[in-house]
Structure formats: C-alpha cells, structure tokens
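Let me begin by presenting the structure, written as structure tokens, before commenting on it.
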Amino acid sequence: MPELPEVEALAGYLRERAAGRRVDRIEIAAISALKTYDPAPAAASGRTVTDARRHGKFLDVVLDGELHLVVHLARAGWLHYRESFPSAAPLRPGKGPIALRVRLDDGSGFDLTEAGTQKKLAAYLVTDPAQVPGVAKLGPDALAADLPTFAERIRSRRGQVKGVLTDQAVLAGVGNAYSDEILHAARLSPFALTDRLTDAQLAALHEATRRVLGDAVARSLGQKAAELKGEKRSGLTVHARAGLPCPVCGDTVREVSFADSSLQYCPTCQTGGKPLADRRLSRLVR
Ligand SMILES: [Zn+2]
C-alpha cells in the first residue's frame, strides 16, 4: 500500500513530467473508482496540469482553474506513467486493472491501476481538496510535524501506539508498513499505550518517524519512474520480514496477524525479548 514516501515520490515525478502539459481527456474504466460526478471528467479536458501535491496518502493532481484530481491508491493501487498509449481508442469499462486514464496533450499520460479483486482505489474530481472527506479529516503531516505537535497529536488519542500512529486523523501519511519500521527504530512495542509513553519515548518516536519517512522519501525519489513501485520497497528492517533476522540485533523478526492485516516487530529491540502472541497476550508484555 502506497504510504507517504511513495505518494511523495509520485507527486514529485508528476511535477517533473506532467506539469505544464494540458489534459486531453480523463477516461474512466472502473466507474466505481470515481467518487464524484460534478464536475464531470470532461471538465478536465483542455486544462493545464500546474502542480502535483500530497495530502497524507492522497495524491492531488492540480489543474488550472481550480480543479483537482485527488486519488487515494488504497492497498493495491498504483500510478503508471506512459510516454505514449498503444491506442487512441477510449478505455472501455471492464474488469482490467486500469481504473482511470489521464491523457495529456503530448501523447503521454498516466494510468491509475488496481490489482486484485478488492476495488478500493478512489478518485475525486473537486474544486478544493478539502471536499474529499478523507483529506478534510487529515491530521498534521507526519513528516512535517515538529516535536510539540507530534507529541500533542499522539497523546490526544489513547490507545496502542501502532493504531494511533496509523490513524490519519492523528497524523497523516503513515500506514501499516512504515509504522512497523518507525516503531522498530524507536524501540517501542506496537502495543505500547500512548498515555503511558514517556517524554523520552515520544521524542524517540518523533525522531524515528522523521528519519524513517525521510530516508524512504529519499530512496523513492532516487528511483527511476519505471522502478517506482510501491510493492518493491527497499531498506525495510522488520516490515514483511517475519522469520528473517533483525538487521540491528539478529533476533528473529516476528509477526502478529489480524483479520485482514499483520504487523512485524523484533522482540529484542521492541518488547524486552518477549514475543507478542496475540492481542490478548500482548497486554502482558507492553
Ligand atoms: Zn532487533
């Protein structure tokens, strides 16, 4: 799932490649992906791409005349930039991976795609990004927040730190993968309770958040567009590495599974060497 670093890199790439180009047209292949009907996609035709921005995990393609194509890539969505398209024929609604296509005036453009059968990718054509409900409720950006803001936001929500850190209303941009990485870097149990974190632990969490996200943004920006793939993250220490050695201490990275997700952590680095067996047991080890 694309998180802050990947979306930041996509925005950077679009600024470089698409800004200044006029939209030829927007084609919708997955009707359910477009969550707005007014303005209609045709309203984008002829407008110039002026910028690309990121709001949390949302990508915002800015068109002149105050029009925004705002996209949430969800779990399996991605943006593929095309130097050209094989055919000028409009996309037809169907079952393929392409949800939406934006054609630009130089023949290039991009496809928003979504793998798998669960279709959650969401696109919005709006005159103000704040009209997108998910954008309106975003907390401060996780990468930009200073320590006082960060600490206030984390402490504003009582709960397990993994859940609070990934709550987009608390701080925007961190998802399942980078929260695993951040908590590992901060040497905190994913189940530590936010109202019991010391000032020193919060400072470590803030520092780890900025470092992990900052490093990941730098790595993502360094990739060529063709290699910009959300699913090919590099430099991870614990996320998606269950069973492999922790690069810091050599202990075996462990996993806790939930109904539709999982988290990975290192017992030695994060939980005093005690494995977190499940949510019930975890109360004993935080
Ligand atoms: Zn470790």
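The values are calculated or read from the model by the stated rules, or taken from the named source; none is laboratory data. Bear in mind that the values here come from a model prediction, so they are computed numbers and not experimental data. Here the Cβ is made from the backbone with ideal geometry for all residues, glycine too, and neighbour counts use every protein chain on show. These accessible areas exclude ligands, DNA and RNA; they are computed on the full protein's heavy atoms, side chains included. Shrake-Rupley method; radii C 1.70, N 1.55, O 1.52, S 1.80 Å.
Before moving on, here are some points about what is shown:
- Whether a residue is more than 14 Å from the ligand (Cβ to nearest atom), open to solvent by 10 Å² or more (accessible area, probe 1.4 Å), among the hydrophobic types (A, V, I, L, M, F, W, C) and within 27 Å of Thr149 (Cα to Cα) was assessed, and Ala218 passes this test.
- Flag for Ala145 being in contact (Cβ under 8 Å) with a residue 12 or more places away in the chain and in a loop (DSSP other than H, G, I, E, B): yes
- Selection of first residues in the range 243-265 that are under 17 Å from Lys162 (Cα atoms) and within 8 Å of the ligand (Cβ to nearest atom) and of second residues that are open to solvent by 50 Å² or more (accessible area, probe 1.4 Å) and assigned to a strand (DSSP E or B), restricted to Cβ pairs under 8 Å at least 6 apart or on distinct chains, gives the following pairs, ordered by first then second residue: Val253/Pro245.
- Those residues of the range 1-12 which are farther than 16 Å from Leu138 by Cβ and open to solvent by less than 50 Å² (accessible area, probe 1.4 Å), in sequence order: Pro5, Glu6, Ala9, Leu10, Gly12
- Counted residues, the range 119-130 - those being assigned to a helix (DSSP H, G or I) and in contact (Cβ under 8 Å) with a residue 24 or more places away in the chain: 1
- Those residues of the range 244-272 which are at pLDDT below 95 and surrounded by fewer than 13 Cβ atoms within 10 Å (Cβ to Cβ), in sequence order: Ser257, Phe258, Ala259, Asp260, Ser261
- So Leu183, is it within 25 Å of Glu255 (Cα to Cα) and either in contact (Cβ under 8 Å) with a residue 24 or more places away in the chain or touching a strand residue (DSSP E or B) at 6+ places or on another chain (Cβ under 6 Å) (or both): yes
- Selection status of Gly116, touching a residue at least 60 places away in the same chain (Cβ under 8 Å), assigned to a loop (DSSP other than H, G, I, E, B), open to solvent by 30 Å² or more (accessible area, probe 1.4 Å) and away from the ligand (no atom under 16 Å from the Cβ): no
- Selected residue [among the small types (Gly, Ala, Ser), closer than 13 Å to Arg211 by Cα and open to solvent by 20 Å² or more (accessible area, probe 1.4 Å)] from Ala169, Ala136, Ala144: Ala144
- All positions within the range 19-44 that are open to solvent by 70 Å² or more (accessible area, probe 1.4 Å) and free of Cβ contacts under 8 Å to residues at least 60 places away in the same chain: Tyr37, Asp38, Ala42
Residue-by-condition table, conditions (1) touching a Phe, Trp or Tyr at 6+ places or on another chain (Cβ under 7 Å); (2) closer than 23 Å to Gly77 by Cα:
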{"position": "Phe110", "(1), (2)": "yes, yes"}
{"position": "Gln118", "(1), (2)": "no, yes"}
{"position": "Tyr124", "(1), (2)": "no, yes"}
{"position": "Pro133", "(1), (2)": "no, yes"}
{"position": "Ala142", "(1), (2)": "no, yes"}
{"position": "Gly175", "(1), (2)": "no, yes"}
{"position": "Leu193", "(1), (2)": "no, no"}
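- Verdict on Leu165 being among the aliphatic types (A, V, I, L, M), under 19 Å from Val71 (Cα atoms) and at pLDDT 95 or above: no
- Pair list, Cβ < 6 Å and 6+ apart or interchain, from the range 221-238 residues that are away from the ligand (no atom under 16 Å from the Cβ) and modelled with pLDDT of 75 or more to residues that are of a type in the set (Gly, Ala, Ser) and open to solvent by less than 60 Å² (accessible area, probe 1.4 Å): Leu221/Ala9; Leu221/Gly12
- Scan of the range 63-113 for residues that are open to solvent by less than 10 Å² (accessible area, probe 1.4 Å), more than 16 Å from the chain's Cα centre (by Cα) and of a type in the set (Val, Ile, Thr), ordered by number: Val102
- Strands (runs of 3 or more DSSP E) wholly inside the range 1-97 containing at least 2 residues that are at pLDDT 95 or above and not charged (D, E, K, R): 23-28, 49-55, 58-63, 67-72
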